[in-house]
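Here is the structure we will look at.
Coordinate-derived values only; no laboratory data. All figures in this text were calculated on a predicted structure; none of them were measured in a lab. Glycine gets a Cβ as well: all are built from the backbone with ideal geometry, and neighbour counts include every protein chain shown.
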Amino acid sequence: MKDIVEYIVKALCDYPDQVSVKEESDRGAEIIKISVAPSDMGKVIGRNGKIATSIRTIVKSLSNKQHKKFIVKIEENA
């Protein structure tokens with residue numbers, strides 16, 4: 001799942017080398033944390049959050065096949 005999210009986010013960003021995707025486990029759910037450059041934050045979130053929602057929809061549909069719960073969080077690199 002991490003690889004798919006990383007591929008999508010890197011394709012959206014101007015600075016793909018600053019994209020970091022980490023996967024953590026917490027109480028039966030897998031948390032996917034996306035970190036991007038501050039200038040790419042708007043591109044990953046999209047207008048009214050449409051791109052972020054689309055990424056979450058893709059992850060949710062793939063997670064149903066794996067019978068796991070995934071949570072996507074988008075963070076800004078410092």
statement: The ratio Rg/Rh over the Cα atoms of the chain, Rh being the Kirkwood inverse mean 1/r radius, stands at 0.96
- prompt: How much mean residue ellipticity at 222 nm does the chain get from its helices, if each DSSP H run of length 4 or more adds -39500 (n - 2.57) and you divide by all residues, to the nearest 500 deg cm²/dmol?
  reply: -13000 deg cm²/dmol
- request: Compute the label zone of residue 29 within the stretch 36-78: residues whose backbone N is under 18 Å from the point 7 Å along Cα-to-Cβ.
  value: 52-75
query: Which entries of 10/65; 43/68; 22/65; 2/60 show an alpha-carbon separation above 18 angstrom in the structure shown?
result: 10/65; 43/68; 22/65
